[in-house]
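Remarks on the structure that follows.
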Amino acid sequence: MSDTKISALPAASTPLTGTEVVPLNQSGVTSNVTVANLTAGRNVYANNFIPSVTTTTASATPINLTVSSTQYQIVNGTTTSQQFNLPDATTLSVGDTYYFNNNLTVSSVQINAHDGSTSILSLQAGGDAQVVLLNNSTTNGTWDVHSFVPSSASWGTATLSFNNTASISGSVSWTGTKIGTAYGGTGLSGSTPFTANGILYASSASALATSSGLTFDGTNFATTGIVSATKVQTLEGVSGSIANGATATLFVLPSSGSYLVTARQDSAGNGGIRASAIVMQGTSSNGLSSLFAVGGATLVQGTGFNVDLTNTAGGSATFRWAYIKLSS
């Protein structure tokens, strides 16, 4: 047996306990040394340590790993997910490690503790992970998980790049620099945050911002700064009866400025038809111009700041009117 390579020896069905003895011959003298004494306090060096590998085509049948299972598990396939149940931890040593390589096209690989139901890791398609035993006092044990970056992504000191369709799930806190709109971000960060209730708008071809003047709290819109509340004046009312063809002053604009004025037939007229709708805008000093009119009346600016209406409804009628002052 002295000329037999270690790699040619049959694999042990149970892990070594450390009490086994190995005969060592030095200068013609043979001594039996326990395995534990042979390696205690010593480092072992090699060019590479190559674990045994098992490749599985995914199926609906769970795979129950044991102390004799290979260290490296590769899963191939398309859409079917694969479940692994880790070995009974009491048969392992603390530090025992397993690697899982998910080469499935879409589905995840589910890695559970020995009981088959306690989740240790859901390894997404394209992912690779290392599972290390930290405590072997129970059958499920305590496992530590570390996942590696999949081949479809690149990760360096300055860049995290997803080169394929990918998603980020779970609770994620971003502490890096702001993500620009060209990369799907908002371009906002802690130094340029959102304005509470502010309306999101494009401040340029490549930047987003939130307004402080126009806000929405989920129920109501409000304006501050865009049109100052002190400059907005509204008034509405109903005219007296105006004879057909007659002109009457509806109201007097309070001051100069830009206004939006509306009027519509309110009652009577030709057969009781209320078809008038007149919208005008302009400044009190330059005159109001008609934007929209549907028969029944003509709305004009009279002398000074007067707003006059000529009834063309075909009979005496009253008119409902209103105005909004847009700015000073």
>> Taking R0 as 35 Å, what FRET efficiency do you get between Ser117 and Trp155 from their Cβ-Cβ distance, rounded to the nearest 0.05?
In response: 0.60
> Under a 5 Å amide H to amide H cut-off, with H placed in plane at 1.01 Å, what residues pair with Gly127 once short-range neighbours are removed?
Replying inline: Asn102
> How many nm separate the modelled label positions at Thr19 and Asn48, each set 7 Å beyond the Cα in the direction of the Cβ?
Replying inline: 3.8
> Say R0 is 25 Å: what FRET efficiency, to the nearest 0.05, do Thr66 and Ser31 get from their beta-carbon distance?
Replying inline: 0.10
> If you add up the charges near Leu253, with Lys and Arg at +1 and Asp and Glu at -1, over every other residue whose beta carbon is less than 13 angstrom from its beta carbon, what do you get?
Replying inline: 0
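Readers should treat all values here as calculations from the given coordinates under stated rules, not as data from a laboratory. Just so you know, these numbers come straight off a predicted model, no measurement behind them. Methodologically, a virtual Cβ is constructed for each residue, glycine included, from the backbone with ideal geometry; neighbour enumeration extends over all protein chains shown.
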